[in-house]
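A.B. asks: Attaching a single structure in structure tokens format; questions to follow.
The values are calculated or read from the model by the stated rules, or taken from the named source; none is laboratory data. Bear in mind the structure is a predicted one, so any value in this text is a computation, not a measurement. Reconstructed Cβ throughout: ideal geometry from the backbone, glycine too, with neighbour counts over all protein chains shown. Please note that ligands, DNA and RNA were not included when accessible areas were found on the heavy atoms of the full protein model with its side chains. Shrake-Rupley method; radii C 1.70, N 1.55, O 1.52, S 1.80 Å.
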Amino acid sequence: MIQSSQLKAVYQRVMVLQQRANTLPDSQQALLSQALEELQAVLAELQASEEELYRQNEALISTRQAVDAERQRYQELFEFAPDGYLVTDANGKIQEANQAIALLLNVSQQFMVGKPLLIFIEPSDRSRFHLTLDRLEKVGKLQDWEIHLCSPRRSIFDAALTVTSVRDAEGRVASLRWMVRDTTERKQVERLLEHLNAELERQVQERTTQLQQALRFEAGLKRVTDKVRDSLDEGQILQSAVQELALVLNLVCCDTALYDSNHDLGLATSTVRYEFTTSEAKASPSSLGQVIPMTTLPETYRQLLQGEYFQFCEIASRHLAVLSCPIADDQGVLGDLWLFKRREDAFDELEIRLVQQVANQCAIAIRQAQLHQASQVQLEEMKKLDQLKDSFLSTTSHELRSPVATMRMAIRVLRLALAQERAAASARTESANTEATRLEKAGAVDRYLHILDTECDREISMINNLLDFQRLEAGEHPLFMQSIDLQDWLPEVVALFQERARDRQQTLHLDLPLNLPHLISDCASLERILVELLNNACKYTPLKGQITVRVQAESGSIQIVVSNTSLEIPASDLTHIFDKFYRIPNSDPWKQGGTGLGLALVQKLTERLDGAITVESTSGQIHFTVSLPMMGQVQ
């Protein structure tokens, strides 16, 4: 039980009065006892009231402590809040400011207290600040109010204000609670997001444009591919590529050129094969058909020959953007593409890639066309070879059969003549002209024997030519190198044909200078070469024609020239004159025939002796020139 010291003192006095009451008269004792009982009751009530008051006081103290703690907590929250907080009166005069707003404005808290908030508002926003503040009378709260703040120690920055009014009992605005947030970073992020959104939109638009361009380019490439894929005409291939590129890329001009096969930059040329121009470039001179020596632009063509493209801008004449791309494959550069467009429309990566793809398609198609042309040429050559083979077989069969038929006929005539001679010898009597008849028959026998001998020689010669050519082809022809004195040796070889030339009323002349050096060579092969050339000369020289053998020495070599009268031979026939089995049409005035192996054999033998043979046809003369080294080597 809780008793105050005053209440305890009263209880003690009552107890003393009760003790003294025993000494009083009875009448007074009764009154005193009654008074004391009433006093005891009052004291009990007073004690109860005291206890209740004590409890109420304890509760009041506890409540006050809680209020003080809450106030302290609020003050700490207010003071250390991450956002800036202000308390102002109804007119905006600052009463309290936390650390965050002080740091935000870069001033002290004491500096802010008592100052109007208006001085921290950027001047251009102050009128709007007043108008917005007047709205608080109606709305009571404004949230995320964007405004510009500043202070003597900080430049203008973006801020968001949230303000709430506190009203008194009469409903009037007593104070304002402000929350201030620095939105500079948020604004920067928003501006960055706006920039990023704009950039993203631009990229989407650019990507969409690129995609549309890529689809258009793909369609153009497909058209080019479809046109050139199955084409075997170089002209159509290049024309299709030039036209499609000019239309798809909106070019002012586009042309294409093919290179010659010369790999020497100093001798190589580029020929413009096709050109496509728009009306914008019609006034410019055309390059179609122009042959450009690569030495005029050596750096340009050196880069193209390395398979590299390049682009530049013309500044001297038409002010155009120019792209040059080689038409190349893994085997080399076949030509180039030149594209011209307005200078402000320079070639981008997609356009360059399209041009390279078209150039690759052109290279593949041109190579296919060239292969087709080469195969056609080979087919024609094979047809000619087949015809030549058939002609050779027919000629060889005829040539091999003719001597045999002639010999058979001669043998039969001889047999008949001998039988007649035997019958005449056994007769008992002879007429006066018997001796003359016998002599005539003997002359016929000699003539037929001569025919047999000649035809046998022809047959053996043709067979030997075939066998010798086969040995030369197989590399099985042996050589025996020795020193040959042409002064003594050559006249003997030429003399073998003097009688044959006289029989045909041909003039055979040997022009042999004095003091010729000795020749180191194979005597048998050299004789075979001269015999074949002289045999060829006698065979194709007309009646009363001239055959000349001329020898001359040059530095390190001997030249033997066999010339004879002849019709002029076309250059197309001269290129095949050393081909085996080839015979020049309508050039045999004596109609002797042959296999066409003689000159082919001469060329093989000459090459075997490390020499060379050439032929030249002039008006009325044909010249075969054999060049041999003085010190021959086996090939």
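A.B. asks: Based on the Cβ-Cβ distance of SER286 and GLN243, what FRET efficiency does E = 1/(1 + (r/R0)^6) give at R0 = 22 Å, to the nearest 0.05? Before the final figure, lay out the partial values.
C.D. replies: On the way: r = 16 Å, r/R0 = 0.70.
That gives a FRET efficiency of 0.90.
A.B. asks: Which of the peptides 349-355, 549-555 is most tightly packed, and how do the rest follow, judged by the mean count of other Cβ atoms within 10 Å per residue?
C.D. replies: 349-355, 549-555
A.B. asks: Can you give the accessible area of TYR274, probe radius 1.4 Å, in Å² rounded to 10?
C.D. replies: Spelled out: TYR274, probe radius 1.4 Å, area about 70 Å².
A.B. asks: Express the accessible area of the range 340-383 per residue in Å², computed with a 1.4 Å probe while the remaining protein chains stay in the model.
C.D. replies: Roughly 57 Å² per residue, with all protein chains present.
A.B. asks: Another question, then. Simple spin-label model, 7 Å along Cα-to-Cβ: THR618 to ASP260 in nm?
C.D. replies: Going from the THR618 label point to the ASP260 one covers 2.9 nm.
A.B. asks: If amide hydrogens are placed 1.01 Å from N in the peptide plane, which non-local residues have theirs closer than 5 Å to the one on THR507?
C.D. replies: Result for THR507 returns GLY545, GLN546, ILE547.
A.B. asks: Now a separate question. Could you give the nm distance between label points at ALA59 and GLU38, where each point is 7 Å from its Cα heading toward the beta carbon?
C.D. replies: Calculated label separation equals 3.3 nm.
A.B. asks: Note the full-extension length gain between ALA174 and LEU232 as 0.36 nm times their separation in residues minus their Cα-Cα distance, in nm to one decimal. Display every interim value, and only then the final one.
C.D. replies: Values: separation 58, 0.36 × 58 = 20.88 nm, distance 9.84 nm.
Contour length minus the Cα-Cα distance gives 11.0 nm.
A.B. asks: Could you work out the relative contact order of the range 109-239? I mean the mean sequence separation of Cα pairs under 8 Å and 6+ apart, divided by the number of residues, in percent.
C.D. replies: 13
A.B. asks: Another question, then. Would you kindly derive the ³J(HN,Hα) couplings of the range 164-169 from the backbone phi angles with the Karplus curve 6.51 cos²θ - 1.76 cosθ + 1.60 (θ = phi - 60°), listing them in order in whole Hz, with x for Gly and Pro?
C.D. replies: Working through the residues one at a time gives 10, 8, 10, 10, 7, 5 Hz.
A.B. asks: Taking a probe of 1.4 Å, how large is the accessible area per residue of the range 498-560, in Å²?
C.D. replies: Numbers: 2970 Å² over 63 residues.
In whole numbers, the range 498-560 has 47 Å² accessible per residue.
A.B. asks: Let me ask something else about it. Averaged per residue, what accessible area in Å² does the range 91-241 show with a 1.4 Å probe, protein chains only?
C.D. replies: Values: 9250 Å² over 151 residues.
In whole numbers, the range 91-241 has 61 Å² accessible per residue.
A.B. asks: Please list, ordered by chain and number, the residues whose modelled amide H lies under 5 Å from the amide H of ASP329; skip anything fewer than 5 residues away on the same chain.
C.D. replies: LEU334
A.B. asks: Between LYS544 and ASP134, how many nm apart are label points set 7 Å from Cα along the C-beta direction?
C.D. replies: It works out to 14.0 nm between the two label points.
A.B. asks: OK, next. Which percent of the accessible heavy-atom area of the range 335-388 goes to carbon and sulfur, probe 1.4 angstrom? Before the final figure, lay out the partial values.
C.D. replies: Working: 1580 of 3020 Å².
The value for the range 335-388 is 52 percent carbon and sulfur by accessible area.
A.B. asks: Calculate, for GLN552 and GLU492, the FRET efficiency according to 1/(1 + (r/R0)^6) with r their C-beta to C-beta distance and R0 22 Å; round to the nearest 0.05.
C.D. replies: On the way: r = 20 Å, r/R0 = 0.89.
Approximately 0.65, to the nearest 0.05.
A.B. asks: Just how much of ASP330 is accessible, in Å², when a 1.4 Å probe is used and the result is rounded to the nearest 10?
C.D. replies: Only protein atoms counted, so the area is about 150 Å².
A.B. asks: With every protein chain present, what accessible area does HIS509 have (1.4 Å probe, heavy atoms only), rounded to the nearest 10 Å²?
C.D. replies: The accessible area comes out at roughly 90 Å².
A.B. asks: Ignoring ligands, DNA and RNA, how do PHE480, PHE578 rank by accessible area with a 1.4 Å probe, largest first?
C.D. replies: Numbers: PHE480 140, PHE578 30 Å².
Per-residue accessible area, sorted high to low, gives PHE480, PHE578.
A.B. asks: Report in % the part of the accessible area of the range 135-286 that belongs to carbon and sulfur, leaving out ligands and nucleic acids; probe 1.4 Å. Present the calculation step by step, with values, prior to reporting the outcome.
C.D. replies: On the way: 4640 of 9160 Å².
Whole-percent figure for carbon plus sulfur exposure: 51.
A.B. asks: Can you tell me which of 530-543, 52-65, 513-526 comes out highest on packing, and rank the rest after it, using the mean Cβ neighbours within 10 Å? Present the calculation step by step, with values, prior to reporting the outcome.
C.D. replies: Working: 530-543: 19.2, 52-65: 10.5, 513-526: 16.2.
For the peptides 530-543, 52-65, 513-526, the packing ranking is 530-543, 513-526, 52-65.
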